[in-house]
1. Condition check: assigned to a loop (DSSP other than H, G, I, E, B) and hydroxyl-bearing (S, T, Y). Does Y498 satisfy that?
2. Would you be able to say whether some residue in region 475-490 is among the polar types (S, T, N, Q), on the phi < 0 side of the Ramachandran plot, surrounded by 14 or more Cβ atoms within 10 Å (Cβ to Cβ) and in a loop (DSSP other than H, G, I, E, B)?
3. Which numbered condition trips up L310, out of (1) in contact (Cβ under 8 Å) with a residue 40 or more places away in the chain; (2) over 30 Å from D442 (Cα atoms)?
4. Select from region 276-307 the residues that are closer than 23 Å to D524 by Cα and of a type in the set (G, A, S) and list them in ascending order.
5. Please count how many residues of region 279-338 are of a type in the set (A, V, I, L, M, F, W, C) and assigned to a loop (DSSP other than H, G, I, E, B).
6. For region 443-470: of the residues being acidic (D, E) and surrounded by fewer than 19 Cβ atoms within 10 Å (Cβ to Cβ), which is farthest from P269 (Cα to Cα)?
7. On the given criteria, is S234 of a type in the set (S, T, N, Q) and either assigned to a loop (DSSP other than H, G, I, E, B) or more than 22 Å from the chain's Cα centre (by Cα) (or both)?
8. How many residues are open to solvent by 20 Å² or more (accessible area, probe 1.4 Å) and under 38 Å from the mean Cα position of the chain (by Cα) when one looks only at region 346-382?
Amino acid sequence: MAGATALPLQEFIASLDNNCLPKILQVCSGVYFQGSIYEISGSEVCFSTGDLIKVTKIELLSVSCQDVANNETFELPISHTGLFRVVPEEMPYSTVEEMVSMRPVGLDSSLPFTFSSHSKMTIGNLALGAGTALTVLSVEKHKDQEDQVRCLIRGQQEASAEVCIPVSFRGEFYECESEERFTLREIMSSSSLRSRRFRFVNATKCDRLLMLSPVYHVQAVMNLRKNVVKFPSSLEVDVVDVTKLCKDVHFIVPLSLSEVHSEPNKSFPGVVEIIEDPETRSLFKCSWLPQLRKNEHLIFHKKGTSPMILLSTLKSRKTPQYFLVSQQYGGRFRRRPREFNSVYELYVASIHAPGLKVSVTRNCEEVEEEGLPALSVGEQLEVVRCDRMVLPCEGKDKVKREDEKEEIIMPLYMEGHFVEVLSDNRKYKLSDLGKEFNLPLDVKVVGRDTELEKDPLYGFSCLRIEAAMLEPTIQASFVHKPEYCFEIPTQWLSMSVYFTTDPLPWPKDQPPKCQVERVTEVADTFFYEFRKFGNSDAEPPPRPPKRNMSFSAPPKKTKKSKKANKSKHQGDKSVPTKQFSDLTLNNKKRPPAPPPPVSDSFHAWSVPEDESGDSDHDYETVDDTLAVMMKKAQENVMYY
């Protein structure tokens, strides 16, 4: 910066146009020495002494008008439609050429203009008295001769004559008041006019003598600034043009991982440097995360969208674990039976798996008044259909026998404990499970992924496939181990990086064969955040129908079956309630569980008006109509 001339930012920007950009400026001492902070349109711009600013674009925004008499300023938009006239300068010009050079270049109205001489002028054989007005009509240019100005002289009785005056003619010349009118845009487009003083053409509106200065909207980039910096040129900061000295300076632009994922494919592979440490370490429990530190270098091999599965271990474990698994995982799975804690859960599961078979895992006592049948441990049930039925009269047998099989009617509100009966012993790939079954799905790894040094999924007695997703990812590795890669989910890890100019650590066009990590352990916070994100706009599932609470007398218990009595004293093992969903690999969000269907097999009902007037009961049903019907009917699922 030694020897360079510092200029106010306003003056320097006014001397530029977009054709000469970009320009690199360095902030030097001014009104604010160590740092300048400006709040502009809700955003804060900070310039410190020594900062480099690369100006990439300027746009004329408005005009600052300064009253010469009292230095008061105000701004007018560049679209202002008022006209201005030039106020003649009080200082004389010494040559005709100096006076002509002050005229605006490129404006049709730059000529003619009028001036006078303070003293007598002799041009060839023509003598002009002091104060004679001369109107410049044109500038005559002749090859190998001095330029001349062609002027009009008006005499008495409207007589006129023309005379040519060399531009080097010396004297004491003054501008005369001119009838020329300029718009703000015309004034700002001419460097010569910008240095002049003006008045409004409508003097009654404003007769003040004004100096007009352009105010530009400046766009620039700065080192380690993520966004384009935008500020007005009127900031009180002095700058120096260091474009030639800093032409090889590389301005680092921080990028988030999502922004990296938006970069064109030609940017990959490339070496990046971490500017800021990851902010979301608590979401992941993987080996590569602790190594992601500030100033660490990584190789970003490629970007993409990866199908992934979210797995969880049994909730009965003391510390549940969660895993993000790539669909390229090579292990083999077998299905595991699901557990259900109510007839309503059976109903929801049977919609997606017709012919669902379960086994009873806990005894249930019969409650005749409420239509609850007796169930014994070990009984095998198969879902047949869901009907809407009238509650039978008290004492009427609700069990229908057909051959050796027995149909049992169970209302949806009935609690129970069941486990799915599976006859499927096939081994599945992870991708096949998503095609053939709905989620969530309980599975077990029966064949490890042989390409993994250690398969973290092998050995768990049961895993639950919670959800499937398509995640934008970046395949990355460390520079010292370019062949060992891992996938970074860009939406779940927040850190800033920038692309360096460092060479790739392998011969040109000979990239290493990458071994990609396919299983990433995540924290329970990831699981909860995923659930929150995935179900943000989904309605909660409807509650199952409640028991009919209109009975005034307590229910009577009937005699239990021998098998139920025999199992009464056996230890009951509680089974945790499971959630149900019809998620597939192509659908991340869990839609709400369906209400009981209305099919052709349903009995027709006419709904009478509520004559009882019993409005104090809260049935918590889907609508008021169903609340009335609950007094006359119950939802039932038929099994055999």
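The values are calculated or read from the model by the stated rules, or taken from the named source; none is laboratory data. Computed from a prediction, not measured in an experiment: that's the story for all the values here. We place every Cβ from the backbone using ideal geometry, glycine too, and count neighbours over all the protein chains shown. Areas reflect the complete protein model, heavy atoms only, side chains present, ligands, DNA and RNA absent. Shrake-Rupley method; radii C 1.70, N 1.55, O 1.52, S 1.80 Å.
1. no
2. Initial filter on region 475-490 (among the polar types (S, T, N, Q)): 475, 477, 490.
Going one step further and asking which of them are on the phi < 0 side of the Ramachandran plot, we end up with 475, 477, 490.
Next cut, surrounded by 14 or more Cβ atoms within 10 Å (Cβ to Cβ) only: 475, 477, 490.
Now restrict to residues that are in a loop (DSSP other than H, G, I, E, B): 490.
Yes, some residue in region 475-490 is among the polar types (S, T, N, Q), on the phi < 0 side of the Ramachandran plot, surrounded by 14 or more Cβ atoms within 10 Å (Cβ to Cβ) and in a loop (DSSP other than H, G, I, E, B).
3. (2)
4. Once the filter is applied, which keeps residues that are closer than 23 Å to D524 by Cα and of a type in the set (G, A, S), region 276-307 yields S282, S287, S306.
5. 4
6. D455
7. Spelling it out, S234 is indeed of a type in the set (S, T, N, Q) and either assigned to a loop (DSSP other than H, G, I, E, B) or more than 22 Å from the chain's Cα centre (by Cα) (or both).
8. The total comes to 2.
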